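Trainee: The following block contains the structure, expressed as structure tokens.
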Amino acid sequence: GRNARAKVEERIQALKAARPLTEDAAIIEAGRRRVQALCALIASLTEAIQEYDARIAEVFKSHPDCEIFDSLPAGPVMKPRVLAAFGLDRGRYKSALDLQCLSGIAPVQKSSGKATSVEARRACPKHLRQTFHEFAEVTLLKKGWPRAYYAWKRLQGKGHHDAVRSLAGKWQRVLFACWQRSQPYDEA
């Protein structure tokens with residue numbers, strides 16, 4: 001937008017007005033070579049990442065459950081991640097609650113004496129919890145029940161991450177049902 005263009009122009013003007021810290025040829029030469037090496041490394045990594053992305057897309061499209069997970073309101077990065085969280089073995093999770101507990105989305109109730117508290121589950125595969133948390137967050141970008149549910153949780157006084165984690169739990173129940181029935185997601 002307009003702010004971004006103004007910021008870029010401001011930085012260009014600052015660069016034009018900048019004075020060099022040094023004019024020592026050895027330091028400048030070493031710095032130039034370092035930047036060139038880093039740029040080559042970035043280009044190489046970018047190419048490798050593009051190859052990974054292409055292979056992930058290819059494997060995703062050939063997966064037997066692609067139709068289920070391709071129907072989700074998410075992009076080409078999140079859909080394969082969520083599919084990988086479920087896998088092929090329909091007996092892997094006996095219920096959506098099993099998935100919620102394993103992935104760390106289900107909260108843990110702790111009690112000691114008369115005191116009871118509910119906390120986020122810490123003992124879980126972090127990448128799995130992160131996958132469902134990020135997926136739930138991505139679904140907030142589109143209109144529909146996820147956004148309404150999130151807003152309702154926020155009105156209840158939940159913080160952003162608690163509300164997203166709660167939404168992720170709802171999504172896990174929906175996705176578990178779709179997965180068990182081999183049925184694509186349909187918001188209706």
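The values are calculated or read from the model by the stated rules, or taken from the named source; none is laboratory data. This one's a predicted model, so the numbers in the text were calculated from it and none came from an experiment. Cβ placement follows ideal geometry from the backbone for every residue including glycine, while neighbour counts extend to all protein chains displayed. Keep in mind that these areas ignore ligands, DNA and RNA; they rest on the heavy atoms of the full protein, side chains included. Shrake-Rupley method; radii C 1.70, N 1.55, O 1.52, S 1.80 Å.
Trainee: Starting from 0.36 nm per residue, how many nanometres of slack lie between Asn3 and Lys143 once their C-alpha separation is accounted for? List each step's numbers first, then the result.
Mentor: Values: separation 140, 0.36 × 140 = 50.40 nm, distance 2.68 nm.
Computed gain between Asn3 and Lys143 is 47.7 nm.
Trainee: In segment 1-102, carbon and sulfur make up what percent of the accessible area (probe 1.4 Å)?
Mentor: On the way: 4780 of 7850 Å².
Its accessible area is 61 percent carbon and sulfur atoms.
Trainee: Another question, if that's okay. Ordered by residue, what ³J(HN,Hα) values in Hz, to whole numbers, does segment 106-120 give under the Karplus form 6.51 cos²θ - 1.76 cosθ + 1.60, where θ = phi - 60° and Gly and Pro are x?
Mentor: 5, x, 10, 9, 10, 9, 8, x, 9, 8, 10, 9, 10, 10, 5
Trainee: Against the empirical 2.2 N^0.38 Å scaling, what ratio does the C-alpha Rg of segment 30-121 come to? Let's see the in-between values first.
Mentor: Details: Rg = 21.3 Å, N = 92, 2.2 N^0.38 = 12.3 Å.
Segment 30-121 yields a ratio of 1.73.
Trainee: Taking the Cβ-Cβ separation of Glu29 and Glu51 as r and a Förster radius of 35 Å, what is the calculated FRET efficiency to the nearest 0.05?
Mentor: Working: r = 34 Å, r/R0 = 0.96.
Efficiency, rounded to the nearest 0.05: 0.55.
Trainee: Rounded to whole Hz and in sequence order, give me ³J(HN,Hα) for segment 66-77 from the Karplus expression 6.51 cos²θ - 1.76 cosθ + 1.60, θ = phi - 60°, writing x for Gly and Pro.
Mentor: 3, 4, 5, 7, 6, 7, 6, x, 8, x, x, 8
Trainee: Right, next: So for the chain, averaging the separation of alpha carbon pairs under 8 Å that are six or more residues apart and normalising by length, what relative contact order in percent results? List each step's numbers first, then the result.
Mentor: On the way: 137 pairs, mean separation 38.0, N = 188.
Relative contact order here is 20 percent.
Trainee: What accessible area per residue comes out for the chain, rounded to a whole number of Å², with a 1.4 Å probe? Please report the intermediate quantities before stating the final value.
Mentor: On the way: 13040 Å² over 188 residues.
Spelled out: the 1.4 Å probe surface of the chain, per residue, equals 69 Å².
Trainee: On a 0 to 90 degree scale, rounded to 10, what angle separates helix 126-139 from the longest Cα axis of the chain?
Mentor: For helix 126-139, the angle is close to 90 degrees.
Trainee: Next question. Among Ala40, Pro125, Gly113, pick out the residue whose Cα is farthest towards the positive end of the charge dipole of segment 31-172, where Lys and Arg carry +1 and Asp and Glu carry -1 on C-beta, about the Cα centre.
Mentor: The Cα lying farthest towards the positive end belongs to Gly113.
Trainee: Here is a follow-up. Using the alpha-carbon atoms, what tilt in degrees (0 to 90, nearest 10) does helix 145-155 show relative to the longest principal axis of the chain?
Mentor: 90 degrees
Trainee: Trypsin sites (Lys or Arg not before Pro) within segment 66-114: which are DSSP loop residues with at most 15 other Cβ atoms inside 10 Å?
Mentor: Values: sites: Arg81, Arg90, Arg92, Lys94, Lys110, Lys114; in loops: Arg90, Arg92, Lys94, Lys114.
Qualifying residues, ordered by number: Arg90, Arg92, Lys94, Lys114.
Trainee: Do any GluC sites (Glu not before Pro) in segment 1-65 lie in a loop, going by DSSP, with at most 13 other beta-carbon atoms within 10 Å of their beta carbon, and if so which? If you can, show how the numbers build up before the last one.
Mentor: Working: sites: Glu9, Glu10, Glu23, Glu29, Glu47, Glu51, Glu58; in loops: Glu23.
Passing sites in segment 1-65 are Glu23.
Trainee: Shifting gears a bit: Rounded to the nearest 500, what is the 222 nm mean residue ellipticity of the chain from helices alone, with -39500 (n - 2.57) per DSSP H run of 4+ residues and division by all residues?
Mentor: Here the helix-only value at 222 nm equals -21500 deg cm²/dmol.
Trainee: Take the chain, connect every pair of alpha-carbon atoms lying under 10 Å apart with a spring to form a Gaussian network, then pick out the residue of Asp162, Asp24, Asp89 with the largest mean-square fluctuation.
Mentor: Of Asp162, Asp24, Asp89, the Gaussian network model singles out Asp24 as fluctuating most.
Trainee: Using the Kirkwood radius over C-alpha pairs as Rh, can you work out the diffusion coefficient of the chain via Stokes-Einstein at 20 °C, viscosity 1.002 mPa s, in µm² per second?
Mentor: Numbers: Rh = 20.5 Å.
For these conditions, the coefficient is 104 µm²/s.
Trainee: Excluding residues on the same chain fewer than 8 positions from Lys7, give the lysines whose Cα lies under 25 Å from its Cα.
Mentor: Within reach: Lys16.
Trainee: With just the Cα atoms defining each centre, how far is segment 151-173 from segment 52-110? Give it in Å.
Mentor: The two parts, judged by their Cα centres, are 19 Å apart.
Trainee: Between Ser44, Ser166, Ser62, where does the largest GNM mean-square fluctuation fall for the chain, given springs only between Cα atoms within less than 10 Å?
Mentor: The residue with the greatest mean-square fluctuation here is Ser44.
Trainee: Write out the trypsin sites (Lys or Arg not before Pro) in segment 141-188 meeting two conditions: DSSP loop, and at most 12 other Cβ atoms within 10 Å of their Cβ.
Mentor: Details: sites: Lys142, Lys143, Arg147, Lys153, Arg154, Lys158, Arg165, Lys170, Arg173, Arg181; in loops: Lys142, Lys143, Lys158.
Taking segment 141-188 and a limit of 12 other Cβ atoms within 10 Å, the loop trypsin sites (Lys or Arg not before Pro) found are Lys142, Lys143.
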